[in-house]
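The values are calculated or read from the model by the stated rules, or taken from the named source; none is laboratory data. What you see is a predicted model, and the numbers here were worked out from it, not measured in a lab. Cβ: placed from backbone, ideal geometry, glycine included. Neighbour counts: every protein chain shown.
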Amino acid sequence: MILDVIFVRQVILLSPLQQHGSPNHPTTLRSITLFKKTLSTCILLGVCCAPLALVAQQDDHHDAQQVNRQDDHAQQQYVEHKDWKRGYHMNHDDWDRGQPVDYRTYHLQQPRSGYEWRQIDGHYVMANTSSGIVASVVIAKH
C-alpha cells in the first residue's frame, strides 16, 4: 500500500516537471498541494469510517440472529392438545421443549410474577415456572 502511494506520488510529481521543466512552477506546486489534500482526506475518511463499518456489521449479525429465532417459532407445527387448559399441570418434557417468547411481540397478556409464556407445538402457553400449572393457552397464528 505504501509503495503504491509512493509510486503514484512520483508519477504525479514527474508529470508536471516534464511539462514545465521547473519544480517551482505554479502548476507543479498546485498539483503537489492538491495531491496531499486528496491523500489526507482519503486517509482521514478511511480512519473515520472503519469503526462505523464494524458497528454496521455487528448490527447485521444481531438482526440475522433475531430473524433466525423468529423462523424457529414459525416452523413449529401445530399439534392439538385438548388437555392443555387453565389449571392443567404441564409435563416437564413439554415445557422444556418450548421456546420462551416475549409476550409484547405476540400481543399476549402480561404474565404474572412467577409465570412465563412459551411457544410449544403451535400454542402459546403461560404457566407457572416452578409448578407447571397452566394459566392460559392461545393457538399461535402463522
Near pairs, Cβ below 8 angstrom, 6+ apart or cross-chain, from segment 119-142 (over 15 Å from residue 102 (Cβ atoms)) to any residue that is of a type in the set (Val, Ile, Thr) and in a loop (DSSP other than H, G, I, E, B)
121/79; 122/79
Can you work out which of the residues in segment 94-120 that are surrounded by 17 or more Cβ atoms within 10 Å (Cβ to Cβ) and in a loop (DSSP other than H, G, I, E, B) is modelled with the lowest pLDDT?
98
